[in-house]
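Engineer: One structure coming up, written as structure tokens, with questions to follow.
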Amino acid sequence: MSFNTFGKLFRFTTWGESHGPAIGCIVDGCPPNISLNEQDIQIELNKRKPGQSKFTTQRKEDDSVQILSGVFENKTTGTPISLIIYNKDMRSRDYETIKNKFRPGHADFTYFKKYGIRDYRGGGRQSARETAARVAAGAIAKKTLENKIGKKYKVIGAITQLGILGCDTNNWNDKFISKNSFFCPDKSIVKLWEKYLLGIRKSGSSCGAIIEVRARGVPVGLGAPIYSKLDMDLASAMMSINAVKGVNIGSGMKSAFLTGEQNSDEISQKDKTIKFMSNNAGGILGGISSGQEIIVSFAVKPTSSILNSRKTIDKFGKNTSISVKGRHDPCVGIRAVPIGEAMMHCVLLDHYLINKAQCGK
């Protein structure tokens, strides 16, 4: 299997399967002399790890990370950083009765047809378990950008839509996002979301979500025209996350409903301060960061593993039905929030280093 590496100058390669002994990644291209220890990475992993509430899978994983190389005396050395996370709570027996069946909505069918073999235990390599390694890589990118840009740099993600229920982003509260199980920015909607998702889980079904990720303190000039646009790479990064089916930059798809006057972000300057009147562009113009807040949102489909019976076929080509038991998220979008943040960090650091190499700033 090829294509397990992401990035240009700041790159990471992930490895491992859902029910294998461990997962991990190799991070290459991290600058030297960046303060880094395992706790810096663990803080981010703890946001993503399973079993933290009744609204996520009850698989219990510590997601405890170990740094095997690339760090000496709590400083990066500029050499490859190797990270490992051991799997502890696998229940492969949950998949024995359905190992020959293709789960609708999953990649079982396409993996088997492409490779002629697949790890049926939790989806193997196709599992979202792989994303823990991305979050670890993102933690390193975050520490590096905080070192290079300073305290003004911040990335924060939140769920703005849970199934059929949206929230009011005008009520966005950074501090509240980390204080609720949904990464919700709007305090007024959380109780309704709780009732809704518990009902979805009780019915044996699932729902999707929309996640919005905002990056602040990003300097002007990241990204390049044509084939290395910042928004192009951000869209690619978010689309690479399991279950993501659509990405918007700024107003995104809604731009099609606006007039030229409504969509263009007017600019003014007073003394040396430049001000944009709006941010429909999502902080990116012509593929290059404008210095505004970068806003990316992406849609996550409903969890495909559900208790309710669905029609399918098996690997022998016979028609059958399937009900997927075990421990599954009623909404995989909830734990996609820290993954989206991690991918934002990784893309921004990659483009920061590219810009530094080309323009010297």
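The values are calculated or read from the model by the stated rules, or taken from the named source; none is laboratory data. These numbers come from a predicted model, not from an experiment. Neighbour counts are summed over all protein chains in view; Cβ atoms, including those assigned to glycine, are modelled from backbone coordinates with ideal geometry. Side chains are part of the model used for accessible areas, which takes the heavy atoms of the whole protein and leaves out ligands, DNA and RNA. Shrake-Rupley method; radii C 1.70, N 1.55, O 1.52, S 1.80 Å.
Residues are listed down the side, and each one gets a yes or a no for (1) among the polar types (S, T, N, Q); (2) touching a Phe, Trp or Tyr at 6+ places or on another chain (Cβ under 6 Å); (3) open to solvent by 50 Å² or more (accessible area, probe 1.4 Å); (4) at pLDDT 95 or above:
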| position | (1), (2), (3), (4) |
| --- | --- |
| 90 | no, no, yes, no |
| 134 | no, no, no, yes |
| 143 | no, no, yes, yes |
| 151 | no, no, yes, no |
| 158 | no, yes, no, yes |
| 164 | no, no, yes, yes |
| 169 | yes, no, yes, yes |
| 184 | no, no, no, yes |
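Engineer: On to the next question. Taking into account only those residues within the range 171-182 that are open to solvent by 30 Å² or more (accessible area, probe 1.4 Å) and of a type outside the set (A, V, I, L, M, F, W, C), which is farthest from residue 6 (Cα to Cα)?
Structural biologist: By that ranking, first place goes to 171.
Engineer: Restricted to the range 49-88, and to residues that are open to solvent by less than 50 Å² (accessible area, probe 1.4 Å) and of a type in the set (S, T, N, Q), which residue is modelled with the lowest pLDDT?
Structural biologist: Looking at the filtered set, the residue picked out is 57.
Engineer: For residue 305, all conditions in the list (1) in contact with a Lys or Arg (Cβ under 9 Å, 6 or more places away or on another chain); (2) open to solvent by 20 Å² or more (accessible area, probe 1.4 Å); (3) of a type in the set (S, T, N, Q) hold save one; what is the number of the exception?
Structural biologist: Among (1) in contact with a Lys or Arg (Cβ under 9 Å, 6 or more places away or on another chain); (2) open to solvent by 20 Å² or more (accessible area, probe 1.4 Å); (3) of a type in the set (S, T, N, Q), residue 305 violates only (2).
Engineer: Can residue 296 be described as touching a residue at least 40 places away in the same chain (Cβ under 8 Å) and in a strand (DSSP E or B)?
Structural biologist: yes
For (1) farther than 30 Å from residue 308 by Cβ; (2) surrounded by fewer than 17 Cβ atoms within 10 Å (Cβ to Cβ), each residue gets a yes or a no:
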position: 189; (1), (2): no, no
position: 192; (1), (2): no, yes
position: 201; (1), (2): no, no
position: 209; (1), (2): no, no
position: 223; (1), (2): yes, no
position: 229; (1), (2): yes, no
position: 233; (1), (2): yes, no
position: 239; (1), (2): no, yes
position: 251; (1), (2): yes, no
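Engineer: Also, quick follow-up: Output the number of the condition that residue 329 fails; it satisfies all remaining conditions of (1) open to solvent by 90 Å² or more (accessible area, probe 1.4 Å); (2) of a type in the set (Asp, Glu); (3) within 22 Å of residue 166 (Cα to Cα).
Structural biologist: Result: residue 329 fails condition (1) only.
Engineer: Restrict the check to the range 261-282 and report whether at least one residue is part of a helix (DSSP H, G or I) and basic (Lys, Arg).
Structural biologist: Within the range 261-282 (the criterion being part of a helix (DSSP H, G or I) and basic (Lys, Arg)), the answer is no, since none of the residues qualifies.
Engineer: Keeping to the range 12-31, report how many residues are open to solvent by 70 Å² or more (accessible area, probe 1.4 Å) and within 15 Å of residue 69 (Cβ to Cβ).
Structural biologist: Here the count works out to 1.
Engineer: Given the conditions (1) part of a helix (DSSP H, G or I); (2) in contact with a helix residue (DSSP H, G or I) (Cβ under 9 Å, 6 or more places away or on another chain); (3) more than 18 Å from residue 338 (Cα to Cα); (4) among the β-branched types (Val, Ile, Thr), which single one is not true for residue 97?
Structural biologist: Unmet condition: (2).
Engineer: For the list (1) in contact with a Ser or Thr (Cβ under 9 Å, 6 or more places away or on another chain); (2) farther than 30 Å from residue 94 by Cα, I need the number of the one condition that residue 207 fails.
Structural biologist: Here residue 207 clears every test but (2).
Engineer: What pairs can you find where one residue is in the range 247-264 and modelled with pLDDT of 95 or more, the other is open to solvent by 70 Å² or more (accessible area, probe 1.4 Å), and their Cβ atoms are less than 7 Å apart, with a gap of 6+ or different chains?
Structural biologist: Close Cβ pairs satisfying both conditions: 247/239.
Engineer: What number of residues in the range 219-238 are among the charged types (D, E, K, R) and either touching a Leu at 6+ places or on another chain (Cβ under 8 Å) or not in a loop (DSSP other than H, G, I, E, B) (or both)?
Structural biologist: Counting residues in the range 219-238 that are among the charged types (D, E, K, R) and either touching a Leu at 6+ places or on another chain (Cβ under 8 Å) or not in a loop (DSSP other than H, G, I, E, B) (or both) gives 2.
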